[in-house]
Amino acid sequence: MDEYLVKPDPADPRLTRRVAGIDHEGGPVEASVTMERPLTLFLNGQEIVTMMTIGDHPDYLAVGYLLNQGMLRADDAITAIDWDEAIDTVVVRTERETDYEDKLRKKTLTSGCAQGTVFGDLMDEIETVRLESPAEVRTSWLYALSKAINTTPSLYLEAGAIHGCVLCERDRPLIYMEDVGRHNAVDKIAGYMALHRVGPEGKIFYTTGRLTSEMVIKTARMGIPILVSRSGFTAWGVDLARQVGMTLIGRMKGRRFLVLAGDERVRFDAGFSSAGVDGPRRRREDAADDAA
C-alpha cells in the first residue's frame, strides 16, 4: 500500500508528555498523555474563535474551520497564513474584505467535544446540498481501510484522549489527522484539501467519532459522498445524510458495519466470513462501545 500523504507523528514531543501515576494495583507507572493548547483564530483583522487543539497543522485547521463555517468561500484568494506559536495565534488573510460580527452572534454549540460549533445559517445552506456523485464503496475497501487505519502508529495508540479522521480513496488512506476534538480533525483535512487542491471525487471520509449532524454537514460541505465511522449514529445525522444523498456507514469494526443511508453505493465484493451464532453478543458489544 502506498504511503500516506499526511499521517500522525506520535513521536513528536510537542503532542504528548509523560506523567507519573499509579496503576490498579497501586504500583508506580508512567503514561503518555495528549497535550492540548489554545489556538486563537483571526480572519483578517477579526478574532473568530479560540479552539483547544493539539497544536499540529495550525494552517490546515484554520482554513478548514473557516471553510466549514462558511466564512471562507471556495473561490476566496488566501494571501497569507501567519502562525505565531509564541502567542498561540493564527491569522488567515484574504483578498476579499470580510466582516462576520453578525454571524458570530448566531453561533450555537453542537454535540461535539472541544470547541465544536456550527453557525445558524449553515442549516440554511445544507438545504441546497445534494451529493449526486456516482461514487461506490466496496466492502473489500472498507475492510482494508479499517485494518490499515487501526494499525497505523498514532496518538490514539500512544496516549488516547484523541479523535482521528482519514481521507481515503478506494482502499488507500491518504490523509490522517488527529485532534482532541473530532471537528478539529475534520477541519484539518478540509484545510489540506483546499490548500493542496485535492478534490472530493472518489473519496471516502473515515472518522473515529460519532456520526452526528455536524459531522454530516461538514462532510457534505466538503463534497464527499461517503462517510464511515467505527462509532454509532445520531438520528439527526442519519436524517441529514438521507436528505443530502450521503452514504452513511457506522459501527464498523473488523468486518461488521451498518449502513443507514445511501446503501445503493455499497458493493458487496467481500463476504463476512465470521457471521454466525455470536451475532447477538456482537451487537451487545457494539452498543457498549458506543456508550463508552
Exercise for the section: Answer yes or no as to whether Leu174 is within 13 Å of the chain's Cα centre (by Cα) and either over 19 Å from Leu72 (Cβ atoms) or crowded, with 23+ Cβ neighbours inside 10 Å (or both). Expected result: no
Practice task
Only one of these is charged (D, E, K, R), in contact (Cβ under 8 Å) with a residue 24 or more places away in the chain and buried (at least 21 other Cβ atoms within 10 Å of the Cβ): Glu158, Glu169, Glu214. Name it.
Solution key: Glu214
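Would you please name the residue that is modelled with the highest pLDDT, looking only at residues in the range 210-235 that are in a helix (DSSP H, G or I), in contact with a Ser or Thr (Cβ under 8 Å, 6 or more places away or on another chain) and not polar (S, T, N, Q)?
This residue is Met215.
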Fill in the blank from the handout: Within the range 241-267, the residues that are over 18 Å from Cys165 (Cβ atoms), out of contact with any Lys or Arg (no Cβ under 8 Å at 6 or more places or on another chain) and not in a strand (DSSP E or B) are Arg242, Gln243, Gly254, Arg255, Asp263, Glu264, Arg265
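When you look at Arg284, is it out of contact with any helix residue (DSSP H, G or I) (no Cβ under 6 Å at 6 or more places or on another chain), of a type in the set (Lys, Arg) and either within 19 Å of Arg182 (Cα to Cα) or modelled with pLDDT of 95 or more (or both), yes or no?
Working: out of contact with any helix residue (DSSP H, G or I) (no Cβ under 6 Å at 6 or more places or on another chain): yes; of a type in the set (Lys, Arg): yes; either within 19 Å of Arg182 (Cα to Cα) or modelled with pLDDT of 95 or more (or both): no.
Criteria not met by Arg284.
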Handout entry: Set Gly26, Gly21: member being assigned to a loop (DSSP other than H, G, I, E, B), at pLDDT 95 or above, of a type outside the set (Lys, Arg) and over 17 Å from His183 (Cα atoms)
Key = Gly26
Handout entry: So Ile54, is it within 22 Å of Tyr156 (Cα to Cα) and over 17 Å from the mean Cα position of the chain (by Cα)
Key = no
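For the range 222-239, indicate whether the set of residues that are among the aliphatic types (A, V, I, L, M) and out of contact with any strand residue (DSSP E or B) (no Cβ under 9 Å at 6 or more places or on another chain) is non-empty. Walk me through how you get there before you give the answer.
To start, the set of residues in the range 222-239 that are among the aliphatic types (A, V, I, L, M) comprises 222, 224, 226-228, 235, 238.
Within this subset, residues satisfying the condition of being out of contact with any strand residue (DSSP E or B) (no Cβ under 9 Å at 6 or more places or on another chain) are 235.
For the range 222-239, residues among the aliphatic types (A, V, I, L, M) and out of contact with any strand residue (DSSP E or B) (no Cβ under 9 Å at 6 or more places or on another chain): present.
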Problem - Unmet criterion (only one of (1) in contact with a helix residue (DSSP H, G or I) (Cβ under 6 Å, 6 or more places away or on another chain); (2) closer than 28 Å to Thr40 by Cα; (3) of a type in the set (A, V, I, L, M, F, W, C)) for Trp236 - result: (2)
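Pick out the one residue from Arg73, Arg14 that is loosely packed, with under 14 Cβ neighbours inside 10 Å and touching an Asp or Glu at 6+ places or on another chain (Cβ under 8 Å). Please lay out each step first, then the result.
Details: Arg73 fails: touching an Asp or Glu at 6+ places or on another chain (Cβ under 8 Å).
When all the criteria are applied, what remains is Arg14.
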Handout entry: Index of the failed condition, Ile204 passing every other in (1) among the aliphatic types (A, V, I, L, M); (2) over 22 Å from Pro58 (Cβ atoms); (3) assigned to a helix (DSSP H, G or I)
Key = (3)
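The values are calculated or read from the model by the stated rules, or taken from the named source; none is laboratory data. This is a predicted model, so every value here is computed, not measured. All Cβ positions, glycine included, derive from the backbone under ideal geometry; neighbour counts span all protein chains shown.
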